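Q: Encoded as structure tokens, here's the structure I'll be asking about.
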There are 2 protein chains.
Amino acid sequence: MSELLMKAKKAKEAASKLVAKTTKEKNEALKAISAQLREESAYIMKENEKDLQYGHEKGYHDSLLDRLMLNEERIDAMADALLDLAELKDPVGEAVETIERPNGLFIEKVRVPLGVVGMIYEARPNVTVDASALCLKTGNAVLLRGSTSALHSNKAIVNVIHRALNKVGFPLEAVQLLEDTSRETAAKMFKLNEYLDVLIPRGGQKLIQTVVENATVPVLETGAGNCHVFIDETAKKEMAIDIVINAKTQRPSVCNAIETVLIHKNWANNHLRDFIESLQKLHVELRVDEEIYRQFPNLTLATEEDWKTEYLDYILAVKLVEDVEEAIAHINQYGSHHSEAIISETKEHVETFFQLVDSAALYHNASTRFTDGFEFGFGAEIGISTQKLHARGPMGLPALTSTKYVIRGNGQIRQ
Amino acid sequence: MSELLMKAKKAKEAASKLVAKTTKEKNEALKAISAQLREESAYIMKENEKDLQYGHEKGYHDSLLDRLMLNEERIDAMADALLDLAELKDPVGEAVETIERPNGLFIEKVRVPLGVVGMIYEARPNVTVDASALCLKTGNAVLLRGSTSALHSNKAIVNVIHRALNKVGFPLEAVQLLEDTSRETAAKMFKLNEYLDVLIPRGGQKLIQTVVENATVPVLETGAGNCHVFIDETAKKEMAIDIVINAKTQRPSVCNAIETVLIHKNWANNHLRDFIESLQKLHVELRVDEEIYRQFPNLTLATEEDWKTEYLDYILAVKLVEDVEEAIAHINQYGSHHSEAIISETKEHVETFFQLVDSAALYHNASTRFTDGFEFGFGAEIGISTQKLHARGPMGLPALTSTKYVIRGNGQIRQ
């Protein structure tokens, strides 16, 4: 039997044990892992060094090497996060709905673990800890498929997790790492509906697309953010510029940063020059539509491609629109259905925007950078779902649960 | 452009219009369709006759021809169901969660339509009306892919729906039927992630499996029910036998009917003979494990295959177990995670059963036949989900919705 099949089968067995663990037991497991990580930080760093060495030899980018690197501080941060997670409310067991029927049946819809989560991710070894911990907290078994470049680090981390799980009497198969990181095996994993309840890809857009296009196991899709701000005719000048600057430059590399600003032509008549200068001061490259280009020929003329692009960089596309309807149509056509903001003092336009824009998170007079599980107050984040089924937008712990109906009767039969 | 691509694209356009329809407008549309169906019943029956004719020529089974057949009474029933649906609460627009953040952001999680639903179904032309109506009520556009055998009926029904939609100013593309019913086109439909938000297969197990195994569009999986009753040591004799008889014989052809009964050996010691005789009186064929077979050699000895089979007939597999744990293990191994019941007066066993059995609906002292959207009080049913993501168990109107977060601020930017 292949490593994949064997581990998937064991994950399913482990899931059936995890479902019976109490909140207290699961939190003890998280704390044990936290302590074990700190205790074995030297071992983890030694193994991580092998991945870094390999990365150097392969000529990886500095940014990739940085994402791969673990030091005392980063391991401490991982260990701290586990203690925070232990403090969070356990969604499992919560009754989300209760129904009393005229025939006396008492129906409860109760949150339960999903079962087995397949996590597919790229370089960052901290995802190994993060994903394992989120799954344990929600009573799920996890099958981890990390990248070859982080294999030594990931193996070390999973060894450390196993030593902690052993101390608290948890099945070690609750957390398993696939050591076979070939594409062929990944392709088989995508179709393992018998053992996996959900796949969660975490990483670049290409990875996520590969999983979505090839998986028959249900996928929790996260990722791409081609986000927009629409500055309406009645937007306050300072507020609009502050929000655009924040949403573009506070951290340009993340999915909830914006890529395009749509400006009502009447607002532009009064404030476009100030808007442009404010962004140029911060070294943001502007790619603008023809109308703006005619007034500011020093700027770059945007192409059709620009409206579709997630720059993740100090680049911003800017387009004038006639009205809120044109802004909405543009966003729905070119956006990735992630996060969009309208800056406006016209209530009616805000409501139209909220109703018609087909995205996970819509803001009035606030930055799109708030689309985040922690900023929403969830205390944890699995990712930001850009799909419409199961979960949409920032996903907290409940996204890692399903429900079941439990029905109590006293002999009812159907007529 | 192929019919599929053209209609899928138009469905997406229609979805963006449907999202703005009010509850009142959607209910008016349902009522208009109801009236139009009654008005044009002769036309529908005339077209239906062509399908029946073709079916006769092809030598279809009587049961298939019956499912295909439309008469005045059945059309009336469809029209009545539309009026009932108009009375139900519209889930769209409901705020399912509100969060106030310390920074003043006010976050609402609001129900919205999914977008475009791809419905793939077999013979029954009433599904054409039912699926269209459920989608309209929840603001979704629907792309229907029925079977070749019902093509004339389905075309006629969609024509009638279009004439009604036209009267109330709805986009006709809200409801579209694929006239190309080839397998090749269906296979393309399964992967049309750009335009379809969800696929819902309705029909036999083979159809559903084909969709699940080939689709990259998210699927709402419904279907198979290999359901169980476990009679515990402390079960009341009459109640246990009544529930088994109801769950097996009240309507054996449906997914929430049971296929296997697991009996605690101590209960069997006292009541097995009465149990067997009660079922034999109702002409239920019993397939039993070796231990029962030794005592009742006139019965059929069950094979491994029997534990896995959804008979949908007057056949019942029966097995003795040592305790509730063995019953749970059997159900989790052989069941289809649909509906299971425990008959017991031991509270502790009931809680163990509820916690450890991995199925959509679990009953204490009641028949599994209650797993049904109407019996749960939903007023409508999309199907019974046997998957764990998005919706599990009987699906009412909310299963046809997604959510979005709308966030109101006054200039908040992220620090």
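The values are calculated or read from the model by the stated rules, or taken from the named source; none is laboratory data. All values reported here derive from a predicted model rather than from experimental measurement. No Cβ is skipped: glycine too gets one built from the backbone with ideal geometry, and neighbour counts run over all protein chains shown.
Q: Name the residues in the stretch B:17-34 that are crowded, with 20+ Cβ neighbours inside 10 Å and either modelled with pLDDT under 95 or more than 27 Å from the chain's Cα centre (by Cα) (or both), would you?
A: none
Q: Which one of these is modelled with pLDDT of 95 or more, more than 18 Å from the chain's Cα centre (by Cα) and of a type outside the set (A, V, I, L, M): B:155, B:137?
A: B:155
Q: I'm checking my understanding of the structure. Among residues of the stretch B:214-230 that are within 13 Å of another protein chain (Cβ to nearest Cβ) and in a loop (DSSP other than H, G, I, E, B), which one is nearest to residue B:336 (Cα to Cα)?
A: Looking at the filtered set, the residue picked out is B:221.
Q: Any residue at all in the stretch A:249-263 that's free of Cβ contacts under 8 Å to residues at least 12 places away in the same chain and among the aliphatic types (A, V, I, L, M)?
A: No, the stretch A:249-263 has no match at all.
Q: Taking only pairs six or more apart or across chains, which ones have beta-carbon atoms under 8 Å, a first residue in the stretch A:344-372 that is more than 17 Å from residue A:386 (Cα to Cα), and a second residue that is of a type in the set (Ser, Thr, Tyr) and part of a loop (DSSP other than H, G, I, E, B)?
A: The qualifying pairs are A:344/A:234; A:345/A:234; A:346/A:234; A:349/A:234; A:350/A:344; A:353/A:344; A:364/A:344; A:365/A:344.
Q: Further question: Is it the case that the stretch B:321-343 has a residue that's facing chain A (nearest Cβ under 7 Å) and surrounded by 19 or more Cβ atoms within 10 Å (Cβ to Cβ)?
A: no
Quick grid of which residues meet (1) buried (at least 21 other Cβ atoms within 10 Å of the Cβ); (2) within 14 Å of chain A (Cβ to nearest Cβ); (3) closer than 28 Å to residue B:6 by Cα; (4) free of Cβ contacts under 8 Å to residues at least 40 places away in the same chain:
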site: B:79; (1), (2), (3), (4): no, no, no, no
site: B:107; (1), (2), (3), (4): yes, yes, no, no
site: B:141; (1), (2), (3), (4): yes, yes, yes, no
site: B:144; (1), (2), (3), (4): yes, no, yes, yes
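Q: Which of the residues belonging to the stretch B:393-407 are within 19 Å of residue B:225 (Cβ to Cβ) and more than 10 Å from chain A (Cβ to nearest Cβ)?
A: B:395, B:396
Q: Please determine, by comparing only the residues of the stretch A:358-370 that are under 19 Å from residue A:345 (Cα atoms) and in contact with a helix residue (DSSP H, G or I) (Cβ under 6 Å, 6 or more places away or on another chain), which one is farthest from the other protein chains (Cβ to nearest Cβ).
A: That would be A:368.
Q: Within the stretch B:15-33, take every residue that is in contact (Cβ under 8 Å) with a residue 60 or more places away in the chain and small (Gly, Ala, Ser) and give me the one that is farthest from residue B:126 (Cα to Cα).
A: Looking at the filtered set, the residue picked out is B:15.
Q: For residue B:390, only one of the following conditions fails: (1) touching a helix residue (DSSP H, G or I) at 6+ places or on another chain (Cβ under 9 Å); (2) more than 9 Å from chain A (Cβ to nearest Cβ). What is its number?
A: Of the numbered conditions (1) touching a helix residue (DSSP H, G or I) at 6+ places or on another chain (Cβ under 9 Å); (2) more than 9 Å from chain A (Cβ to nearest Cβ), the odd one out for residue B:390 is (2).
Q: Is there any pair linking a residue in the stretch A:382-399 that is over 14 Å from residue A:135 (Cβ atoms) and in contact (Cβ under 8 Å) with a residue 60 or more places away in the chain to one that is surrounded by fewer than 24 Cβ atoms within 10 Å (Cβ to Cβ) and aromatic (Phe, Trp, Tyr), with Cβ under 6 Å and at least six apart or on different chains, and which?
A: Between residues of the stretch A:382-399 that are over 14 Å from residue A:135 (Cβ atoms) and in contact (Cβ under 8 Å) with a residue 60 or more places away in the chain and residues that are surrounded by fewer than 24 Cβ atoms within 10 Å (Cβ to Cβ) and aromatic (Phe, Trp, Tyr), there is no close pair.
Q: Out of the residues in the stretch A:378-415 that are among the small types (Gly, Ala, Ser) and assigned to a strand (DSSP E or B), which is farthest from residue B:256 (Cα to Cα)?
A: Once the filter is applied, the top-ranked residue is A:383.
Q: Please verify whether residue B:355 is surrounded by fewer than 21 Cβ atoms within 10 Å (Cβ to Cβ) and facing chain A (nearest Cβ under 7 Å), treating the condition exactly as stated.
A: Spelling it out, residue B:355 is indeed surrounded by fewer than 21 Cβ atoms within 10 Å (Cβ to Cβ) and facing chain A (nearest Cβ under 7 Å).
Q: Can you go through B:377, B:383 and tell me which one is more than 7 Å from every other protein chain (Cβ to nearest Cβ), modelled with pLDDT under 95 and either out of contact with any Asp or Glu (no Cβ under 9 Å at 6 or more places or on another chain) or surrounded by fewer than 24 Cβ atoms within 10 Å (Cβ to Cβ) (or both)?
A: After applying the criteria, what remains is B:383.
Q: Hey, can you tell me all the residues within the stretch B:231-245 that are farther than 21 Å from residue B:336 by Cα, in a helix (DSSP H, G or I) and either touching a Leu at 6+ places or on another chain (Cβ under 9 Å) or among the acidic types (Asp, Glu) (or both)?
A: Once the filter is applied, which keeps residues that are farther than 21 Å from residue B:336 by Cα, in a helix (DSSP H, G or I) and either touching a Leu at 6+ places or on another chain (Cβ under 9 Å) or among the acidic types (Asp, Glu) (or both), the stretch B:231-245 yields B:238, B:241, B:242.
Q: Please work out which residue is nearest to the chain's Cα centre (by Cα), limiting yourself to the stretch B:280-322 and to residues that are among the hydroxyl-bearing types (Ser, Thr, Tyr) and more than 15 Å from residue B:244 (Cβ to Cβ).
A: Checked the stretch B:280-322; the qualifying residue nearest to the chain's Cα centre (by Cα) is B:309.
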